[in-house]
Amino acid sequence: MNTERLPTEFEKKVYDALHLIPRGKVTTYGLLGSYISCRSAQAIGQALRRNPFAPGTPCHRVVKGDLTIGGFAGERDGEPIDRKRRLLETEGVTISAEGHIDPSCLHDFDE
(Lines give C-alpha, C1' and ligand atoms only; values in the text may rest on other atoms or scores of the structure.)
Protein backbone atom coordinates (compact mmCIF):
# COMPACT_ATOMS: atom_id res chain seq x y z
CA MET A 1 0.00 0.00 0.00
CA ASN A 2 1.34 3.44 -0.94
CA THR A 3 1.47 5.65 2.16
CA GLU A 4 2.61 8.83 0.41
CA ARG A 5 0.01 11.55 0.61
CA LEU A 6 -1.25 13.25 -2.51
CA PRO A 7 -0.98 17.04 -2.78
CA THR A 8 -4.04 18.95 -1.62
CA GLU A 9 -5.95 21.23 -4.01
CA PHE A 10 -4.24 24.21 -2.36
CA GLU A 11 -0.80 22.66 -2.82
CA LYS A 12 -1.59 21.94 -6.49
CA LYS A 13 -2.49 25.61 -6.93
CA VAL A 14 0.86 26.63 -5.42
CA TYR A 15 2.79 24.13 -7.56
CA ASP A 16 1.01 25.19 -10.75
CA ALA A 17 1.98 28.82 -10.09
CA LEU A 18 5.63 27.83 -9.61
CA HIS A 19 5.76 26.66 -13.22
CA LEU A 20 5.05 30.24 -14.32
CA ILE A 21 8.31 31.50 -12.81
CA PRO A 22 11.01 31.30 -15.50
CA ARG A 23 14.59 30.20 -14.91
CA GLY A 24 16.66 33.12 -13.68
CA LYS A 25 13.71 34.68 -11.85
CA VAL A 26 12.26 34.44 -8.35
CA THR A 27 9.07 35.47 -6.63
CA THR A 28 8.29 36.16 -2.98
CA TYR A 29 5.94 34.31 -0.67
CA GLY A 30 3.73 37.42 -0.68
CA LEU A 31 3.63 37.84 -4.46
CA LEU A 32 2.90 34.15 -4.93
CA GLY A 33 0.16 34.42 -2.30
CA SER A 34 -1.39 37.41 -4.06
CA TYR A 35 -1.33 35.55 -7.36
CA ILE A 36 -3.17 32.52 -5.96
CA SER A 37 -5.39 34.58 -3.59
CA CYS A 38 -3.81 33.34 -0.36
CA ARG A 39 -2.88 35.77 2.41
CA SER A 40 -0.83 33.29 4.42
CA ALA A 41 2.87 33.17 3.63
CA GLN A 42 3.10 30.39 6.22
CA ALA A 43 0.59 28.23 4.31
CA ILE A 44 2.56 28.77 1.12
CA GLY A 45 5.79 27.89 2.92
CA GLN A 46 4.26 24.66 4.19
CA ALA A 47 3.09 23.73 0.69
CA LEU A 48 6.58 24.42 -0.65
CA ARG A 49 8.15 22.32 2.11
CA ARG A 50 5.92 19.40 1.10
CA ASN A 51 6.64 19.73 -2.65
CA PRO A 52 7.07 16.13 -3.86
CA PHE A 53 7.96 17.26 -7.39
CA ALA A 54 11.13 19.29 -6.69
CA PRO A 55 13.22 20.41 -8.45
CA GLY A 56 10.98 19.98 -11.51
CA THR A 57 8.38 22.06 -9.69
CA PRO A 58 10.77 24.85 -8.68
CA CYS A 59 9.97 25.74 -5.06
CA HIS A 60 13.53 27.09 -4.76
CA ARG A 61 12.40 30.12 -6.81
CA VAL A 62 10.39 31.52 -3.87
CA VAL A 63 12.25 33.92 -1.58
CA LYS A 64 11.48 36.32 1.26
CA GLY A 65 9.87 39.69 0.65
CA ASP A 66 13.16 41.46 1.45
CA LEU A 67 14.71 39.51 -1.46
CA THR A 68 16.86 37.30 0.73
CA ILE A 69 16.95 33.52 0.28
CA GLY A 70 14.47 32.55 3.02
CA GLY A 71 13.93 28.92 3.91
CA PHE A 72 14.36 25.72 1.94
CA ALA A 73 13.38 22.11 2.64
CA GLY A 74 11.99 23.15 6.02
CA GLU A 75 15.30 24.73 7.09
CA ARG A 76 16.44 28.34 7.52
CA ASP A 77 20.21 27.83 7.48
CA GLY A 78 22.93 25.35 6.71
CA GLU A 79 23.29 23.07 3.70
CA PRO A 80 19.68 23.36 2.46
CA ILE A 81 20.08 27.15 2.14
CA ASP A 82 23.47 26.75 0.45
CA ARG A 83 21.83 24.32 -1.97
CA LYS A 84 18.99 26.76 -2.71
CA ARG A 85 21.51 29.50 -3.40
CA ARG A 86 23.45 27.23 -5.78
CA LEU A 87 20.24 26.25 -7.61
CA LEU A 88 19.27 29.89 -8.07
CA GLU A 89 22.74 30.99 -9.16
CA THR A 90 22.96 28.09 -11.62
CA GLU A 91 19.71 29.35 -13.17
CA GLY A 92 21.11 32.88 -13.52
CA VAL A 93 19.71 34.60 -10.42
CA THR A 94 22.13 37.28 -9.20
CA ILE A 95 22.72 37.16 -5.44
CA SER A 96 25.03 39.60 -3.65
CA ALA A 97 27.71 38.51 -1.19
CA GLU A 98 25.36 39.75 1.56
CA GLY A 99 22.65 37.39 0.32
CA HIS A 100 20.31 39.85 -1.43
CA ILE A 101 18.77 38.95 -4.77
CA ASP A 102 18.98 41.52 -7.54
CA PRO A 103 15.51 43.09 -7.91
CA SER A 104 15.76 42.65 -11.70
CA CYS A 105 15.41 38.90 -11.04
CA LEU A 106 11.95 39.34 -9.50
CA HIS A 107 9.16 37.69 -11.54
CA ASP A 108 5.97 39.64 -12.11
CA PHE A 109 2.99 37.32 -12.49
CA ASP A 110 1.21 40.07 -14.45
CA GLU A 111 3.77 40.02 -17.31
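The values are calculated or read from the model by the stated rules, or taken from the named source; none is laboratory data. Source: prediction; values computed, not measured. Ideal geometry is used to build each Cβ from the backbone, glycine not excepted, and the neighbour counts take in all protein chains shown.
Summary of values
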quantity	calculated
Matching residues, region 34-48, being touching a helix residue (DSSP H, G or I) at 6+ places or on another chain (Cβ under 8 Å) and within 18 Å of I21 (Cα to Cα)	Y35, I36, C38, A41, I44, G45, A47, L48
Residue identified as within 21 Å of S96 (Cα to Cα) and modelled with pLDDT under 95 among G56, G74, G45, G70	G70
Tally of residues being more than 20 Å from D82 (Cα to Cα), buried (at least 17 other Cβ atoms within 10 Å of the Cβ) and out of contact with any strand residue (DSSP E or B) (no Cβ under 6 Å at 6 or more places or on another chain) across region 15-31	4
Close pairs from region 93-105: first within 15 Å of K25 (Cα to Cα), partner basic (K, R), Cβ under 7 Å, at least 6 apart	I95/R85; C105/K25
Residue count, region 32-55 (criterion: crowded, with 21+ Cβ neighbours inside 10 Å and of a type outside the set (G, A, S))	3
Residues of region 56-107 classified as part of a loop (DSSP other than H, G, I, E, B), in contact with a helix residue (DSSP H, G or I) (Cβ under 6 Å, 6 or more places away or on another chain) and surrounded by 14 or more Cβ atoms within 10 Å (Cβ to Cβ), total	5
C38, sole failed condition from (1) part of a loop (DSSP other than H, G, I, E, B); (2) closer than 25 Å to T90 by Cα	(2)
